[in-house]
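Comments concern the structure below.
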Amino acid sequence: MLVINDDISIADWELTESFVRSSGPGGQNVNKVATAVELRFEAARSPNLAPDVKARLRRLAGRRWTGEGAVIITAEKFRTQPQNREEARRKLRELIQAALHRPKPRRPTKPTKGSIRRRLAAKTHRAGIKAARGRVDPEE
């Protein structure tokens, strides 16, 4: 069981772990030992997450969200399976905690009369500068 916060915990049936070989340098050991963890969380079928949380999780997960509605987290930072397992669970916990945070709604604001006046005065000034850049009349 993976505890996210006081209210939400993920059951074991929702998580699937598989171990694969790590990429990168490491000598002979990297070719023999499967230490990287691929953690699969069935987010779409999870009864513990509200629909709005699932929607935010899908947006935050990006390419890690599969077509079946699962989130795949990989961890290969460490050289041992237990450390990588903890790393993958930590990554998933942080991702779900970020999805639990409801963003503050944006309220559009109106520009002040002074800021509108200053903007228009700056545009007029700039237009005057550009208008003065025209060709010089040779007769003058």
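The values are calculated or read from the model by the stated rules, or taken from the named source; none is laboratory data. As the structure is a prediction and not an experimental result, all values here were calculated from the model. Ideal geometry is used to build each Cβ from the backbone, glycine not excepted, and the neighbour counts take in all protein chains shown.
In segment 95-140, the residue that is nearest to residue 9 (Cα to Cα) out of those that are among the aliphatic types (A, V, I, L, M) and surrounded by fewer than 10 Cβ atoms within 10 Å (Cβ to Cβ) is 129. Taking residues in segment 49-78 that are in contact (Cβ under 8 Å) with a residue 24 or more places away in the chain and at negative phi, and partners anywhere that are buried (at least 16 other Cβ atoms within 10 Å of the Cβ) and of a type in the set (Ser, Thr, Tyr), the pairs with Cβ atoms closer than 6 Å and at least 6 places apart or on different chains are 76/22. When segment 46-69 is filtered for residues that are over 16 Å from the mean Cα position of the chain (by Cα) and more than 17 Å from residue 4 (Cα to Cα), the ones remaining, listed by number, are 67, 68, 69.
Can you confirm whether segment 45-52 contains a residue that is within 16 Å of residue 93 (Cα to Cα), among the aliphatic types (A, V, I, L, M) and surrounded by 15 or more Cβ atoms within 10 Å (Cβ to Cβ)? Checking segment 45-52: at least one residue is within 16 Å of residue 93 (Cα to Cα), among the aliphatic types (A, V, I, L, M) and surrounded by 15 or more Cβ atoms within 10 Å (Cβ to Cβ).
Condition first: loosely packed, with under 11 Cβ neighbours inside 10 Å, modelled with pLDDT under 80 and not charged (D, E, K, R). Now tell me which residues in segment 12-28 satisfy that.
The answer is 23, 24, 25, 27, 28.
Of the residues examined, residue 39 is one that is in a strand (DSSP E or B), under 16 Å from residue 93 (Cβ atoms) and under 20 Å from the mean Cα position of the chain (by Cα). Among residues that are at pLDDT below 85, in a helix (DSSP H, G or I) and not charged (D, E, K, R), residue 31 is included.
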